[in-house]
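Nothing in this text is a laboratory measurement; each read-out follows from the coordinates by a stated rule. Quick caveat: nothing in here was measured; it's all calculated off a predicted structure. Every residue, glycine as well, gets a Cβ built from its backbone with ideal geometry; the counts of neighbours run over all protein chains shown.
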Amino acid sequence: MTHEDGELDGLVRKRIRALRLAQGWSLDELATRANLSQSSLSRIENGRRRLALDQLVILARALGTTLDQLVETAADDVISSPTIDAAHGLLRWALKADPGMSVMRRRMTEPPPENPAHMRAHPGHEWLVVLSGTAVLMLGHRQFRIETNQAAEFPTMMPHAIGAEGGPCDVLGIFDRDARRGHQREGGDDAQGAYG
């Protein structure tokens, strides 16, 4: 067994135990769900029994995950740096697990546009959290105040715009692939305070 194989073996065993504990299950409960004996499961978790593919498939299913997720290796590139869009005051990160998703941080100082013609609509879905200050989300004909540490999630086919209320606010947004493309096609941002 190579060093890398040994590390993966240990990682899989730790995942099995961690997933079991996260469910609040005893060894006996998971063993019953996986049709294994409690002693076999204990030896699997403690490294005293070899990992067999058929048992890993059964354990993954019993734990509510997949074999791929159970055996995936840890990424070496855990830390990522943003790209900077100084013209629009944005920091943008791509999500490695789903390159279609992106995360943006933006400081807003202007209120959202009052004119509904300045609201955007495009395919996709957005999620945002206010890091500091108060944001106002215009969504169709409705207006929502989002305070620090509150989040909003909405389909972007609904006409929308976001801005600050009562001073600057910092917002972190997560965009699916369609929402990101919609904002890119529209030129990224505008002066009326729509979130880009």
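What does the charge add up to near P159, with Lys and Arg as +1, Asp and Glu as -1, over the other residues with Cβ less than 11 Å from its Cβ?
Every neighbour counted, the sum reads +2.
Distance in nm between label sites at S42 and E29, each 7 Å beyond Cα in the beta-carbon direction?
Simple spin-label model gives 1.8 nm for this pair.
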